[in-house]
Amino acid sequence: MDFNRLYGRVLTTVFIFNGIAEVFAFLALKGSTVQLICPYKHTVAGTLDWSFKSRTATSPTIYTVGKTVVSFLPDELKQRLTVTGNHIIGEYHLNISNIRESDQGTYECLTGGKIDQQALNVIVGPTNISIENETSDNKIPGKEGQDMTIKCTAVGGQPQPDIKLVILGFTYTGDQSAQHTFKPQRTNDGSAITCQAGYTEINFYPLITEAYIHLMLKPIITPFVSDTLSTEETKSFEVSCLSTGSRPAASMHWLLGQKRIDVTSNSSSQSNKEPSTQTYSVTSNLKYRVDRSYNGQKLICRASNVVDYMETLLTLNVKCKSN
Ligand SMILES: *[C@@H]1O[C@H](CO)[C@@H](O)[C@H](O)[C@H]1NC(C)=O
Ligand SMILES: *[C@@H]1O[C@H](CO)[C@@H](O)[C@H](O)[C@H]1NC(C)=O
Ligand SMILES: *[C@@H]1O[C@H](CO)[C@@H](O)[C@H](O)[C@H]1NC(C)=O
Ligand SMILES: *[C@@H]1O[C@H](CO)[C@@H](O)[C@H](O)[C@H]1NC(C)=O
């Protein structure tokens with residue numbers, strides 16, 4: 001990864017040499033190289049010098065005089081400082097490599113009585129990112145038509161990283177975490193969710209994760225071809241009912257008459273997983289015999305799973321024994 005250009009300029013309030021002021025602050029990623037540019041050029045007299053004051057220090061420390069890094073600085077710091085730019089035209093930029101948290105503070109360049117101050121804020125990137133309740137095969141479980149919350153959280157990061165969570169083409173943002181609650185529809189099943197953690201100001205998003213919406217789906221009953229079932233009281237009738245598109249497989253029930261007597265035990269059902277959609281089709285066949293008292297009453301087929309249920313019904317037309 002190229003850390004060299006990972007910094008940007010943002011307006012912030014910082015503590016400077018003599019109090020508080022609004023100055024431009026650089027955001028720099030830990031480990032990157034920053035180039036501080038003095039808006040003034042060195043002209044004939046004197047030198048262009050850089051000094052630094054950390055937030056806790058009481059006075060600034062001289063870092064460079066002209067093109068020389070001062071000798072009394074600690075070795076690890078001296079090694080990371082370079083005066084760059086074209087000195088012939090008066091440019092004396094201060095490069096700081098392998099940025100550390102201790103480099104955070106205010107930098108001042110001074111030449112010919114002119115002073116410029118700029119602040120440097122050091123960013124430590126987040127270490128991990130995760131979507132809550134994501135399964136090991138990158139699925140985010142939900143139920144069709146029921147509130148679903150997708151929440152993405154980053155671990156670590158200083159300052160708090162910006163989170164960019166993209167769900168169904170919409171972006172939701174937050175600090176350290178972002179979330180969105182919605183009622184997913186059947187068509188949202190399998191949609192990819194992405195989440196990034198990083199820093200908007202420097203357009204740096206080192207962490208990204210992707211997962212897929214995985215819904216439990218309600219059963220859909222195919223209506224009966226005719227809404228009346230004609231039978232004879234001496235004979236058993238046979239009727240079948242089909243439910244499709246459910247996940248998990250629907251359980252099928254048969255309910256008879258005003259009292260909704262459960263006659264499911266006289267039925268048998270068969271379930272099939274559709275490979276293309278990973279949903280279930282379930283067919284239930286009922287074999288049953290009713291007497292005249294059920295004439296005009298309803299026979300209900302009910303398909304249900306953990307998400308929802310659906311019913312469809314038939315009106316019984318029971319004929320007397322024909323002879
Ligand atoms: C100074 O920093 C700039 C910006 O990061 C970089 O392009 C350049 O190579 C650096 N020069 C030296 C000598 O470190
Ligand atoms: C990141 O988080 C995920 C989910 O919480 C975890 O499984 C994984 O081990 C973590 N990775 C690291 C490098 O910590
Ligand atoms: C994750 O699962 C737990 C346990 O089922 C639940 O309490 C929590 O609300 C879920 N989180 C999200 C974001 O849905
Ligand atoms: C229900 O099934 C049982 C066992 O197959 C059968 O004996 C009985 O007659 C059936 N009941 C009706 C009302 O059809």
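Details
- Within region 145-172, if we keep just the residues that are touching a strand residue (DSSP E or B) at 6+ places or on another chain (Cβ under 9 Å) and free of Cβ contacts under 8 Å to residues at least 12 places away in the same chain, the residue that is nearest to ligand 1 (Cβ to nearest atom) turns out to be THR171.
- Any chance GLU144 is charged (D, E, K, R), within 22 Å of ASP308 (Cα to Cα), at pLDDT 95 or above and surrounded by 13 or more Cβ atoms within 10 Å (Cβ to Cβ): yes
- Test result for ASN128, open to solvent by 70 Å² or more (accessible area, probe 1.4 Å) and touching a residue at least 40 places away in the same chain (Cβ under 8 Å): yes
- ILE123 within 16 Å of ligand 1 (Cβ to nearest atom), out of contact with any helix residue (DSSP H, G or I) (no Cβ under 6 Å at 6 or more places or on another chain), assigned to a strand (DSSP E or B) and open to solvent by less than 30 Å² (accessible area, probe 1.4 Å): yes
- Every residue from region 202-219 that is of a type in the set (A, V, I, L, M), open to solvent by 70 Å² or more (accessible area, probe 1.4 Å) and either in contact with a Ser or Thr (Cβ under 7 Å, 6 or more places away or on another chain) or not in a strand (DSSP E or B) (or both): ILE208
- Entry remark, region 222-252: residues being closer than 17 Å to LEU316 by Cα and of a type outside the set (A, V, I, L, M) number 16 in total.
- Those residues of region 71-91 which are open to solvent by 30 Å² or more (accessible area, probe 1.4 Å), in contact (Cβ under 8 Å) with a residue 24 or more places away in the chain and part of a loop (DSSP other than H, G, I, E, B), in sequence order: GLY85, GLU91
- Filtered residues of region 263-296 (kept if out of contact with any strand residue (DSSP E or B) (no Cβ under 6 Å at 6 or more places or on another chain) and among the aromatic types (Phe, Trp, Tyr)): TYR288
- For region 287-300, the criterion of a residue being in contact (Cβ under 8 Å) with a residue 40 or more places away in the chain, open to solvent by 30 Å² or more (accessible area, probe 1.4 Å), away from ligand 1 (no atom under 16 Å from the Cβ) and under 22 Å from GLY145 (Cα atoms) is satisfied by no position.
- For region 153-201, the strands (runs of 3 or more DSSP E) that sit wholly inside it and include 3 or more residues that are closer than 17 Å to THR127 by Cα and not assigned by TED's automatic domain parsing to the domain that holds ALA25 are 162-167, 192-199.
- THR56 vs. criteria more than 16 Å from ligand 1 (Cβ to nearest atom) and within 47 Å of the chain's Cα centre (by Cα): yes
The values are calculated or read from the model by the stated rules, or taken from the named source; none is laboratory data. On a predicted model such as this, the values are computed, not experimentally measured, just so you know. When we count neighbours, we look across all protein chains shown, and the Cβ atoms used for this are built from the backbone with ideal geometry, even at glycine. For the accessible areas, the whole protein counts, side chains as well, though only heavy atoms, and no ligand, DNA or RNA atoms are used. Shrake-Rupley method; radii C 1.70, N 1.55, O 1.52, S 1.80 Å.
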